[in-house]
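Accompanying notes for the structure given below.
The values are calculated or read from the model by the stated rules, or taken from the named source; none is laboratory data. Predicted model, so just to flag it, every value in this text is computed and none were measured. Cβ placement follows ideal geometry from the backbone for every residue including glycine, while neighbour counts extend to all protein chains displayed.
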There are 2 protein chains.
Amino acid sequence: MASLIGREWRLQRRPVGVPVPEDFSLTEVEVPGPGPGQLLVRNRFLSVDPYMRGRMSDAKSYAAPYGLDEPMTGGAIGEVVESEAEGFAPGDLVRHGLGWREYALLESGEASVLRPTEGVPLSAYLGVLGMTGLTAYAGLMRVADFRPGDRVFVSGAAGAVGSTVGQIARLKGAELVVGSAGSPEKVAWLRDDLGFDRAFDYKRGRVDEQLAKAAPEGIDVYFDNVGGDHLEAALGALRLKGRIAVCGMISRYNDTEPAPGPNNLVRLIQTRGRIEGFLVGDHADLAGEFHRDMGPKVASGELKHRETFTDGIESALDAFLGVLEGANTGKMIVRLDHSR
Amino acid sequence: MASLIGREWRLQRRPVGVPVPEDFSLTEVEVPGPGPGQLLVRNRFLSVDPYMRGRMSDAKSYAAPYGLDEPMTGGAIGEVVESEAEGFAPGDLVRHGLGWREYALLESGEASVLRPTEGVPLSAYLGVLGMTGLTAYAGLMRVADFRPGDRVFVSGAAGAVGSTVGQIARLKGAELVVGSAGSPEKVAWLRDDLGFDRAFDYKRGRVDEQLAKAAPEGIDVYFDNVGGDHLEAALGALRLKGRIAVCGMISRYNDTEPAPGPNNLVRLIQTRGRIEGFLVGDHADLAGEFHRDMGPKVASGELKHRETFTDGIESALDAFLGVLEGANTGKMIVRLDHSR
């Protein structure tokens with residue numbers, strides 16, 4: 001097969017504060033055919049996620065920074081175009097980590113064949129049944145040590161992870177599920193469609209006051225996607241032996257100066273409470289249990305998910321910037337033209 | 001026996017900021033003899049501790065607030081004067097919780113007979129072998145889940161709890177023990193007498209810079225007695241899977257306005273770190289193990305402790321205020337005149 005031309009997003013300089021288009025380039029490159037042990041994949045769906053903001057900086061962090069003038073990486077689903085690797089044949093669907101580009105040349109160890117369950121859309125394997133869903137599951141069930149009867153608060157609850165956390169908590173027997181989100185539409189979605197007991201719009205008043213009203217008897221578990229005033233409010237509402245799982249602090253990612261943390265950490269002593277940070281990568285061993293437990297719920301519609309799509313490789317940057325601003329409801333996914 | 005006259009400290013109004021003498025009264029009262037099931041104790045040693053500041057406020061907290069115009073409570077050791085309770089005879093030494101007074105009238109269930117080990121001074125049972133020592137032990141071994149090879153940082157390290165934490169860590173095989181304290185004398189004591197690997201004076205420079213120098217490879221465990229800039233520095237130095245046990249936040253206790261917390265809580269995600277608050281009262285089940293493990297080390301001198309004494313019931317308030325300011329090295333104890 002003759003080599004193909006594909007486009008890929010590269011980081012051109014490290015953003016300061018909110019990333020701007022000039023920090024990136026969409027570059028056309030020649031994609032060589034696969035060598036021995038390699039496969040060539042045409043990407044169909046790309047994941048854009050808040051954690052990628054961290055990888056654009058070179059500050060000490062958990063994931064290696066993206067290289068300058070190199071294509072960025074991220075979750076993706078594609079179709080094998082050409083394979084020189086055992087176990088992969090043209091037409092196979094695969095999951096892999098070389099997103100942000102139209103064509104990915106992968107070593108066989110970097111991809112896994114995907115056999116979607118009937119009735120579950122392919123893109124769900126980047127979201128509710130992918131890393132996003134596992135993040136929700138591991139953070140709630142293991143890190144926050146969820147137990148039936150817990151009162152649970154989730155911030156960023158209309159996001160991909162947050163909306164899954166709240167529903168898992170409900171399915172697992174939470175006494176109360178409260179979510180915060182950034183628009184009346186999102187709040188309505190949480191309450192009317194996803195079965196959250198209560199939800200509030202954090203832009204419409206103080207978070208601590210709205211949380212106190214939504215959970216007057218306090219919370220046992222807080223799943224933090226946001227940080228800042230949400231974390232402070234959660235600490236204030238924490239019940240005895242409360243647990244806070246810190247998944248993200250999206251309110252902080254574009255800060256150029258460190259912002260002060262919660263002023264009430266002393267509540268941890270009063271409540272014997274716990275705050276723990278986590279990364280989904282440390283909980284890959286839960287993937288099997290997660291799929292057995294939640295896969296059927298997705299197929300049956302008990303565990304709902306929503307996707308916000310943008311189309312075309314050229315839309316990926318806007319999609320990513322939108323996630324940082326909360327433009328998505330549910331999982332934000334870039335759908336590549338040739339996938340339709 | 002005719003009834004006795006004794007003095008007791010009462011809270012007269014709730015302090016705002018730093019407590020002042022006018023918030024308290026030293027009141028002379030008539031102490032009745034014991035009724036059935038009661039014993040009358042002449043206190044010999046009284047404990048004054050930072051947590052008592054919390055009980056002087058009526059804010060929601062873990063311990064009930066002290067009542068106004070009522071005697072305050074706290075750890076004490078005394079001698080039975082008169083007993084109407086089974087298992088207690090005049091002359092017995094007892095531990096109990098009705099400090100801040102010269103004579104205590106106790107229900108039998110409120111006191112326990114103390115049989116000090118030879119060579120261990122009586123006052124040690126309020127300190128290194130009392131609640132203070134158990135606080136250090138439970139916080140380090142259970143809450144911070146200490147493991148041999150850990151690099152440990154303790155703030156307030158010249159205090160009663162902190163000095164014990166550092167020594168237990170050393171005895172249990174820490175790779176590195178670092179302490180912070182508030183004077184050159186205290187720093188010297190930690191290094192020269194207690195076997196801390198490194199110690200620094202937090203008044204002589206930024207805590208984060210001094211900690212980075214003392215523990216250039218970071219820390220696995222931080223035992224927090226102080227909060228504020230110490231907690232922020234510890235987060236900055238936290239290694240992967242680091243654990244922070246929050247015992248106290250003395251830097252905050254006299255605040256009238258909540259002060260902002262650490263600006264780098266996002267480190268918890270990067271390190272998959274954990275912050276957990278605790279109270280010694282939740283770990284009473286460890287007392288037996290603690291005594292078996294550490295009692296012999298105290299008797300042999302391997303686990304050292306220092307006490308700062310003040311004399312007479314009238315000195316108790318100053319002793320307490322001194323603890324809040326760091327006037328003590330090791331455990332602050334009020335020795336009552338009639339004990340000499």
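Odds and ends about this structure:
- When each of A:GLY67, A:GLY127, A:GLY139, A:GLY75 is tested for being under 29 Å from A:PRO19 (Cβ atoms) and in contact with a Ser or Thr (Cβ under 6 Å, 6 or more places away or on another chain), the lone residue that passes is A:GLY75.
- Candidates A:PRO262, A:PRO216 - the one that is surrounded by 15 or more Cβ atoms within 10 Å (Cβ to Cβ) and in the same structural domain as A:ALA144 (by TED's automatic domain parsing): A:PRO262
- Listed here are the strands (runs of 3 or more DSSP E) enclosed by the range B:106-201 that have at least 1 residues being touching a helix residue (DSSP H, G or I) at 6+ places or on another chain (Cβ under 8 Å): B:151-154, B:176-181, B:198-201.
- Of the residues in the range A:109-121, none is assigned by TED's automatic domain parsing to the domain that holds A:SER47 and under 19 Å from A:ALA316 (Cβ atoms).
- Here B:GLY130 clears all of (1) in contact (Cβ under 8 Å) with a residue 60 or more places away in the chain; (2) small (Gly, Ala, Ser); (3) in contact with a His (Cβ under 9 Å, 6 or more places away or on another chain) except the condition numbered (3).
- Within the range B:102-130, tally of residues that are surrounded by 13 or more Cβ atoms within 10 Å (Cβ to Cβ), acidic (Asp, Glu) and out of contact with any strand residue (DSSP E or B) (no Cβ under 9 Å at 6 or more places or on another chain): 0
- Cβ pairs under 8 Å, 6+ apart, first in the range A:159-188 and at positive phi, second in a loop (DSSP other than H, G, I, E, B) and surrounded by fewer than 24 Cβ atoms within 10 Å (Cβ to Cβ): A:GLY173/A:PRO148; A:GLY173/A:GLY149
- Meets criteria (aliphatic (A, V, I, L, M), in a helix (DSSP H, G or I) and more than 10 Å from chain B (Cβ to nearest Cβ)) for A:LEU211: yes
- Scoring B:ASP150 on the criteria (1) of a type in the set (Asp, Glu); (2) surrounded by fewer than 21 Cβ atoms within 10 Å (Cβ to Cβ); (3) in contact with an Asp or Glu (Cβ under 8 Å, 6 or more places away or on another chain) leaves a single failure, condition (2).
- Listing of helices (runs of 4 or more DSSP H) fully contained in the range B:222-340 that carry 2 or more residues being within 14 Å of chain A (Cβ to nearest Cβ): B:228-237, B:267-271
- Some residue of the range A:48-61 being modelled with pLDDT of 95 or more and in a strand (DSSP E or B): no
- Answer residue from the range A:88-101, given it is farther than 27 Å from A:MET56 by Cα and of a type in the set (A, V, I, L, M) and is surrounded by the fewest Cβ atoms within 10 Å (Cβ to Cβ) among those: A:ALA89
- One residue from A:GLU325, A:GLU307, A:GLU314 being of a type in the set (Asp, Glu), touching a residue at least 24 places away in the same chain (Cβ under 8 Å) and surrounded by fewer than 16 Cβ atoms within 10 Å (Cβ to Cβ): A:GLU314
- Residue satisfying all of: in the range A:45-64; without any contact (Cβ under 8 Å) to a residue 24 or more places away in the chain and more than 23 Å from A:GLY330 (Cα to Cα); surrounded by the most Cβ atoms within 10 Å (Cβ to Cβ) among these: A:SER61
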